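Take a look at the structure set out below.
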Amino acid sequence: MATTAIRSSNPDRPYLEVGQRIEAVRLYAGLTVIEMAALMKIGQSRYTVLQYGRALPDAEKLEPLCLRYGVTLDWLYRGDMRLLPYALVEELERHRLSLNEHGHPHKRPPGRPAGTGTKSKRADKPA
C-alpha cells in the first residue's frame, strides 16, 4: 500500500491531503466544524485552515481523533492505512472521496434543510 508525502503538489494548499483526511474523520463522526474544532482544542477558523490544507496540524491536536475514532497519525499525515480496521478504512475513504480536488464537499443539491431558513426579526404590524 503506497503512502503519500505530507506535502501536496498544490503550492496554495501544501497539506491538502492531510486536511481531507481530517475532514473525512469529521464526516465519519458526524460532527460539525465547531464540534470538531472543540474536540481538537482549536478555534473554528484554525480548523478551517487545517481542513483546507493551508497548514499542518500539530500531532497533539490530532491525538483526540486517534483516541476517539481509531485512526492513526500515520494515516492522518501520510495516508498509511495498514493499522486501521478495514470497515473504518472503507468509511473514511468514502467520506474523503466525497471531497473535490480543493478539499470542499462536492456540490450539494440546492435548498436548505427544513428549519434552517432565516426569518424576519420585524414583527408583523396590523394594518
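The values are calculated or read from the model by the stated rules, or taken from the named source; none is laboratory data. Note that the coordinates shown come from a computational prediction; the quantities given were computed from them, not determined experimentally. Quick reminder, even Gly has a Cβ in these numbers, built from the backbone with ideal geometry, and neighbours come from all protein chains shown. These accessible areas exclude ligands, DNA and RNA; they are computed on the full protein's heavy atoms, side chains included. Shrake-Rupley method; radii C 1.70, N 1.55, O 1.52, S 1.80 Å.
For the criterion of being at pLDDT below 90, in contact with a Pro (Cβ under 9 Å, 6 or more places away or on another chain) and polar (S, T, N, Q), Ser120 fails. Taken over segment 73-82, the residue count meeting the criterion of being under 22 Å from Pro14 (Cβ atoms), among the charged types (D, E, K, R) and assigned to a loop (DSSP other than H, G, I, E, B) is 1. In the set (1) at pLDDT 90 or above; (2) in contact with a His (Cβ under 8 Å, 6 or more places away or on another chain); (3) hydrophobic (A, V, I, L, M, F, W, C), Ala38 fails one condition alone, (2).
Against the list (1) within 16 Å of the chain's Cα centre (by Cα); (2) of a type in the set (Asp, Glu); (3) at pLDDT 90 or above, the condition Asp74 fails is (1).
Consider segment 39-55 and keep the residues that are closer than 15 Å to Tyr77 by Cβ and without any contact (Cβ under 8 Å) to a residue 40 or more places away in the chain. The one that is nearest to the chain's Cα centre (by Cα) is Leu50.
Of the residues making up segment 59-79, those that are without any contact (Cβ under 8 Å) to a residue 24 or more places away in the chain and among the small types (Gly, Ala, Ser) are Ala59, Gly70.
Taking the stated definitions as given, is Arg82 open to solvent by 40 Å² or more (accessible area, probe 1.4 Å), within 13 Å of Ile6 (Cα to Cα) and touching a residue at least 40 places away in the same chain (Cβ under 8 Å)? Here the answer is no, as Arg82 does not meet what is asked.
Conditions tested, residue by residue: (1) in a helix (DSSP H, G or I); (2) without any contact (Cβ under 8 Å) to a residue 60 or more places away in the chain; (3) under 16 Å from Leu99 (Cα atoms); (4) in contact with a helix residue (DSSP H, G or I) (Cβ under 7 Å, 6 or more places away or on another chain).
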site	(1), (2), (3), (4)
Ser8	no, yes, yes, yes
Arg13	no, no, yes, no
Val18	yes, yes, yes, yes
Ile22	yes, yes, yes, yes
Val25	yes, no, yes, yes
Tyr28	yes, no, yes, yes
Ala37	yes, yes, no, yes
Pro57	no, yes, no, yes
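Note on segment 33-72: among residues that are under 24 Å from Pro14 (Cα atoms) and hydroxyl-bearing (Ser, Thr, Tyr), the one that is surrounded by the fewest Cβ atoms within 10 Å (Cβ to Cβ) is Ser45.
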